[in-house]
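Reviewing the structure listed below.
The values are calculated or read from the model by the stated rules, or taken from the named source; none is laboratory data. Note that this is a predicted model, so its numbers are computed, not measured. So basically every Cβ, Gly included, is an ideal-geometry build from the backbone, and we count neighbours across all protein chains shown. Only protein heavy atoms, including side chains, enter the accessible area calculation; ligands, DNA and RNA are left aside. Shrake-Rupley method; radii C 1.70, N 1.55, O 1.52, S 1.80 Å.
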Amino acid sequence: MTAVAETMDYAEVLERFDPVLGLEVHVELSTKTKMFCGCENRFGGEPNTHVCPTCLGLPGALPVVNGLAVEGAIRIGLALNCEIAQWCRFARKNYFYPDMPKNFQTSQYDEPIAFNGYLDVTLDDGEVVRIEIERAHMEEDTGKSLHVGGRTGRIHGAEHSLLDYNRAGVPLIEIVTKPITGTGERAPEVARAYVTALRDLLRALNVSDVRMDQGSLRCDANVSLMAKDATEFGTRTETKNVNSLRSVERAVRYEMTRQAAILVDGGSITQETRHFQEADGTTSPGRTKETAEDYRYFPEPDLVPIAPSREWVEELRGTMPELPWERRKRVQTEWDLTDAELRDLINAGAVDLIAATVDQGASPADARGWWVSYLNQQANKLGVELGELAISPAQVARVIALVGEGALTNKMAREVVDGVLAGEGEPDEVVEKRGLKVVSDDSALYQAVDEALAANPDIAEKIRGGKVQAAGKIVGDVMKATKGQADAKRVRELVLERVGA
C-alpha cells in the first residue's frame, strides 16, 4: 500500500505559497465514427468490437480525417474566443503504453487548430475570473486497460491486464489553459468552476455528451506552488483523468497541501503524473512526467494538413447556438430573477436544465420548483450533480404536464419522478406500471368521504359548527383510503358539501 503523504493546513499553505494551475480538459466528440476510420464511435459494447485495421494500427492501414470532427474542433475554438489556424497539421506523439495500439498517438503539437482564447468563469459569489486558453487541438483517444487482481484497480499489484481498443481512435479535443495565477485560496474553486463552465459550453454546442462518468469529459489538473518571494513557477504535478466536478476541486486542494508539506520540509516536488483517489480525496504517484522532447513529435506523414477556409470558419460562426452565458442573461429577464436568484440557480447547475424544461412546454415557475427542490434533494442524496440525474428536461416537463392535466397529484408526481430515476421508463410508463391515477370519479369519492365522516362524527360536528379547518382530518383520511390518488382540493369540496358547511 502507498503510504499516506503528509499535508499542511490549507491556511498555512496560503500564507507561504501562491498556487499556479494549468488545466487540460479532454473532450470526446459525439461523431458517429472515429477520428481516422469508419468504426462506430459509441460508448461501451463488447470489448474490441468497434475496431478495424486503422484504429488498431495494423501495417498498411491508412487514416482519413473525420470532417465533422474538424468542424467540431472549430466550433469549440470559436466558442472559446480562439483564433482559428489557417493551416495546421497532425503530428505523431511517440510513447509506449499498452493502450496505444500504434505506439504513437496522432495528435497536434506546435500547430493546433485553435489557439489564444479565453473563457470567463463565474464563481459562486458572482466574481468573474477570465481563464486564458493556450490551445484547443485535435487528437485521438487511447484504448482502455483493465487491471485484474490488484487491490486498487491499477497496474501495481495486478495479476494481469486486459485491453479494450473500442475507445482507441475516438475523436478527442484537448483544451489547454495558460498558467492560471493570482487565484489564491480560491484556486480549487476556480478549477471546478472552469470545468463546469466548459462542460456547459460543450453541451450547448452539441459536440459531446460531456458524460464525465463515462470519460467523455475528463480533466488533467496541473498544480505547482510558488514561494511568496519567488519569480519562477514551481515544479508541477499532473493529476490525470479526474472525472467529476467535485473531484477536480478536491484534487487541486489536496495537491496544494501535499506539495507545501514537502517543500517546507526541505524536499522537492517530483514532476510526475498522479492518480486521484475518490475514496479519500488524495492523490498517488503515477509515472514520471515526460517533457515534449521525450515524445519525439514529428509531422504525421499519412495525413495532409488541415486548411479551413475563412469563408467556412465564418459560416460556422454564423451557426453558433445560444451560448450558456447568453441564455442566462435572457432567462434572467424572462423569469424576472434577481442577480442573487440567478446565481443560486447557476451554483445549483439548474439554469440550463430549467430552460430546457421550459422549452419542452413547462412554465418557468413549475420547472424551477421541480429542479431546485425535489430533484435537487435527490441529487444530494445520490451524491451527484443535478445534471447527472437519470431524468431529462423533457421527462420533467411531461410530469409537470400530467399534474397540470389533473392526472397526477404532486405526491404521485414525485413517485413518477422516483420511477424515472430508478430506470423504470418514461413518465407515462411509470404511471402505468405503478398504477398511479387520480381518483376523479365523484361517486367513489363521495363514498370515501361518507365513510370518513361516519368514522369521525365529532369532527363532522365541529365542521358544521363553523370550524372548517377541522375538515383537514377528514381530507387526510380520504387521501389515505384512496392511497393518495384523490385530488385533495376536490375531496375538501365534497366534505364541506356533505356536512352542509
| Out of region 193-302, which chymotrypsin sites (Phe, Trp or Tyr not before Pro) are coil in DSSP terms and have no more than 15 other C-beta atoms within 10 Å? | Phe233
| message | What number do you get for region 1-95 when its Cα radius of gyration is normalised by 2.2 N^0.38 Å, N = residues? | response | 1.67
| note | Computed ³J(HN,Hα) along region 97-105: with the Karplus parameters 6.51/-1.76/1.60, θ = phi - 60°, integer Hz and x for glycine or proline, the list is 7, x, 8, 9, x, 9, 6, 8, 10
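Go ahead and run the numbers for FRET between Asn347 and Leu496, Cβ-Cβ distance against an R0 of 41 Å, rounding to 0.05. Write out the running numbers ahead of the final one.
Numbers: r = 44 Å, r/R0 = 1.08.
It comes out at approximately 0.40.
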| said: What would the Debye equation give as log₁₀ I(q)/I(0) for region 298-447 at q = 0.12, 0.15, 0.16, 0.20 Å⁻¹, counting only Cα atoms as equal point scatterers? | reply: -0.64, -0.83, -0.90, -1.19
| task | Kindly provide the pair-distance distribution of region 42-128 built from C-alpha pairs, with 5 Å bins from 0 and whole-percent values in order of increasing distance. | result | 3, 11, 13, 18, 16, 14, 12, 8, 4, 2, 1, 0
| note | With DSSP loop assignment and no more than 11 other C-beta atoms within 10 Å, the trypsin sites (Lys or Arg not before Pro) in region 128-202 are Arg151
| query | What percent do you get for the relative contact order of region 39-166 when only Cα pairs under 8 Å and 6+ apart count? | reply | 23 percent
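Assign unit charges at the C-beta atoms only (+1 for Lys and Arg, -1 for Asp and Glu), then state the dipole size of the chain relative to its Cα centre in Debye, rounded to the nearest 20. Walk me through the intermediate numbers first.
Working: 58 positive and 79 negative charges, 158 e Å.
Computed charge dipole of the chain: roughly 760 debye.
Report relative contact order for the chain in percent, whole number only (criteria: Cα-Cα under 8 Å, sequence separation at least 6). It would help to have the intermediate numbers written out before the result.
Numbers: 894 pairs, mean separation 70.0, N = 501.
So the answer I get is 14 percent.
I'd like to know how region 197-301 sits against the 2.2 N^0.38 Å rule of thumb: what's its Cα Rg over that expected value? Show your work: numbers first, answer last.
Values: Rg = 16.3 Å, N = 105, 2.2 N^0.38 = 12.9 Å.
Its radius of gyration relative to the 2.2 N^0.38 Å reference: 1.26.
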| field | Amide hydrogen neighbours beyond the local backbone of Ile133, cut-off 5 Å, H modeled | value | Gly117, Tyr118, Leu119, Lys178
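Grab the DSSP H runs of the chain that are 4 residues or longer, score each as -39,500 (n - 2.57), total them, divide by all residues and round the 222 nm result to the nearest 500 deg cm²/dmol. Show your work: numbers first, answer last.
Numbers: 17 runs with 187 residues, N = 501.
About -11500 deg cm²/dmol.
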| Value of Rg to Rh for region 108-232 (Rh from inverse mean 1/r over Cα pairs, i.e. Kirkwood) | 1.03
| note | One would report the Cα pair-distance distribution of the chain, bin width 20 Å, in %, as 19, 45, 24, 11, 1
| ³J(HN,Hα), Karplus 6.51/-1.76/1.60, whole Hz, each residue of region 30-39, x for Gly, Pro | 9, 6, 6, 10, 6, 5, 10, 8, x, 5
| Alpha-carbon centroid distance for the pair region 177-200 / region 295-330, whole angstrom | 23 Å
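Scan region 387-441 for GluC sites (Glu not before Pro) in coil per DSSP, keeping those whose Cβ has at most 12 other Cβ atoms within 10 Å, and list them by number. Before the final figure, lay out each step's value.
Details: sites: Glu388, Glu405, Glu415, Glu424, Glu429, Glu432; in loops: Glu405, Glu424.
Here the sparse-neighbourhood loop sites are Glu405.
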| Which value, in Å² and to the nearest 10, is the accessible area of Trp335 when all protein chains are kept and the probe is 1.4 Å? | 30 Å²
| Nearby lysines by direct alpha-carbon distance to Lys381 (threshold 22 angstrom, same-chain neighbours under 8 apart not counted) | Lys411
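For the pair Leu386 and Gln447, what calculated FRET efficiency results from E = 1/(1 + (r/R0)^6), where r is the Cβ-Cβ distance and R0 = 25 Å, to the nearest 0.05?
Details: r = 43 Å, r/R0 = 1.71.
Computed FRET efficiency for Gln447 and Leu386 comes out at 0.05.
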| message | Suppose the Debye formula is applied to equal point scatterers at every Cα of region 291-371; what is log10 I(q)/I(0) at q = 0.13, 0.25 Å⁻¹? | response | -0.62, -1.19
